[in-house]
């Protein structure tokens with residue numbers, strides 16, 4: 001819960017006394033309880049036990065004279081029954097000696113505190129607390145105790161998280177965009193890790209913000225912390241895998257397994273879920289930076305990009321450790337993903353340009369080879385006209401011209417033959433080196449010298465025998481592309 005408003009009221013205990021739970025008659029008073037120990041609010045631990053917590057709140061005249069209603073705020077993984085100056089103030093769940101007798105309270109609660117229950121100066125409070133539900137044992141299960149202006153704790157928390165909508169939206173948009181890019185780059189599976197990282201980052205942010213979306217019972221806090229840690233681990237390991245498989249290094253699988261082992265070791269050695277989540281992100285990013293620095297002397301473009309990206313990410317974490325896994329952290333994560341997206345798009349663009357150039361060179365070579373093969377492969381056709389049959393090599397034909405039900409074949413050397421076949425039928429028998437450039441003309445593309453475009457949009461081909469052949473406006477783009 002965001003405690004900035006509550007802390008500003010300056011009505012919270014700096015020290016409390018924790019005692020084993022004892023049944024008392026009448027108001028619970030510190031002097032009636034034995035075996036008590038002083039501690040701070042963060043040191044209160046009601047997990048798997050039942051306790052009394054005693055403390056004092058100093059109320060100022062400004063607080064008593066304000067018109068707004070007041071409340072006692074308790075933010076804890078526990079069920080609580082609260083007393084103020086010896087009088088019952090309210091309950092959050094039902095504290096008990098075991099899991100069967102306890103009813104879980106909500107994580108963040110505000111108990112309405114009438115002005116008449118407060119007095120100027122020192123006010124004694126007593127909390128009957130227990131925490132038997134859940135799966136985890138937290139280092140600091142109690143987050144805050146204090147009196148301030150009455151507000152809905154969930155709404156107050158949500159107001160703190162509103163700025164997170166910007167990185168949340170950026171992560172979702174990035175996941176969609178990079179997902180589309182991953183579908184295009186199917187031969188680079190590591191690119192698919194980027195949309196996964198964005199989705200995991202968005203899921204972690206939503207899990208973080210969920211405290212401001214619902215007034216959940218305290219056992220849900222354990223599930224929330226587990227999800228945050230899981231998201232941190234998946235994000236960190238995906239980041240490391242993306243770096244490892246993008247760099248030109250050996251033993252990629254071994255390096256990833258080493259990263260996994262070091263990350264798990266750091267998490268196991270850490271105390272507190274915030275520290276665990278921090279290590280789950282920090283260790284993989286640090287290993288990625290080390291590998292990028294290792295490849296930097298090779299002038300590998302990705303190595304320089306990863307060095308800058310991961311270096312800035314780790315530097316921001318080191319310079320602002322208090323903001324780690326807070327709203328600022330998610331802005332840092334969103335910025336990291338944006339930079340990774342830009343780097344991947346740049347890499348994809350360069351690869352695409354290189355592939356297009358290679359394809360163009362391959363197409364050009366293939367065209368030349370095909371033309372050479374066609375020139376070397378001599379074909380013949382039987383030209384029949386007026387009862388006379390003549391065998392003609394297609395390599396000698398400069399162009400063919402339609403003449404009604406006949407076709408005129410113009411050969412090298414200036415000779416021409418009248419063929420008793422329509423141009424449309426002749427086109428089917430000629431090899432593919434011949435191209436229809438006009439409704440009345442078919443030319444041998446191997447004997448074209450040049451193409452001229454006229455102002456009207458039509459064209460004109462200069463053939464090897466110095467003859468000119470018209471090109472229709474519709475065919476012009478195809479002829480220009482071919483030449």
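Laboratory data are not the source of any read-out in this text; all were calculated from the coordinates shown. Keep in mind that this is a model prediction, so the values were computed, not measured. Note: ideal-geometry Cβ built from the backbone for every residue, glycine included; neighbour counts use all protein chains shown.
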Exercise for review: Percent of Cα-Cα pairs per 10 Å bin, from 0 to the last occupied bin, for segment 422-483, please list those.
Suggested key: 22, 57, 20, 1
Check your understanding: Under a plain spin-label model, where a point goes 7 Å from the Cα along Cα-to-Cβ, how far apart in nm are residue 64 and residue 464?
Key -> 11.4
Check your understanding: For the chain, what is the calculated [θ] at 222 nm in deg cm²/dmol (nearest 500), taking -39500 (n - 2.57) for each run of four or more DSSP H residues and dividing by its residue count?
Key -> -14500 deg cm²/dmol
Review point. Among 42-52, 238-248, 63-73, what's the highest-first ranking by average C-beta atoms within 10 angstrom per residue?
Key: 238-248, 42-52, 63-73
Practice item. Could you give me the radius of gyration and the Dmax of segment 4-151, taking only the C-alpha atoms into account and expressing both in angstrom? Key: 14.5, 44
Check your understanding: How would you rank 149, 344, going from fewest to most other Cβ atoms within 10 Å of each one's own Cβ?
Key -> 149, 344
Exercise for review: Just the number, please: percent antiparallel of the DSSP beta bridges in the chain, rounded to the nearest 5.
Suggested key: 100
Check your understanding: Which whole-angstrom value gives the distance between the alpha carbon centres of segment 63-127 and segment 273-308?
Key -> 48
Review point. How would you rank 426-432, 23-29, highest first, on the average number of other Cβ atoms within 10 Å across their residues?
Key: 426-432, 23-29
Exercise for review: Determine, for each peptide in 398-407, 75-84, the mean count of other beta carbons within 10 angstrom over its residues, then list the peptides with the highest first.
Suggested key: 75-84, 398-407
Point to revise | Quotient of C-alpha Rg and 2.2 N^0.38 Å, computed over segment 6-91 | key: 1.16
Practice item. Would you compute, for the Cα atoms of the chain, the largest minus smallest coordinate along each principal axis and list the three values in descending order, in whole Å? Key: 133, 50, 40
Study note, to complete from the structure: Fewest to most Cβ atoms within 10 Å: 421, 124, 14, 351 sort as 14, 351, 124, 421
Point to revise | Angle between the chain longest axis and helix 273-295 axis [Cα atoms, degrees, rounded to 10] | key: 30
Point to revise | Where the Cα pairs of segment 159-354 fall when distances are cut into 10 Å bins, in % | key: 9, 36, 37, 15, 3, 0
Review point. What value does segment 380-482 have for Rg/Rh, both radii from Cα atoms and Rh as Kirkwood defines it?
Key: 0.97
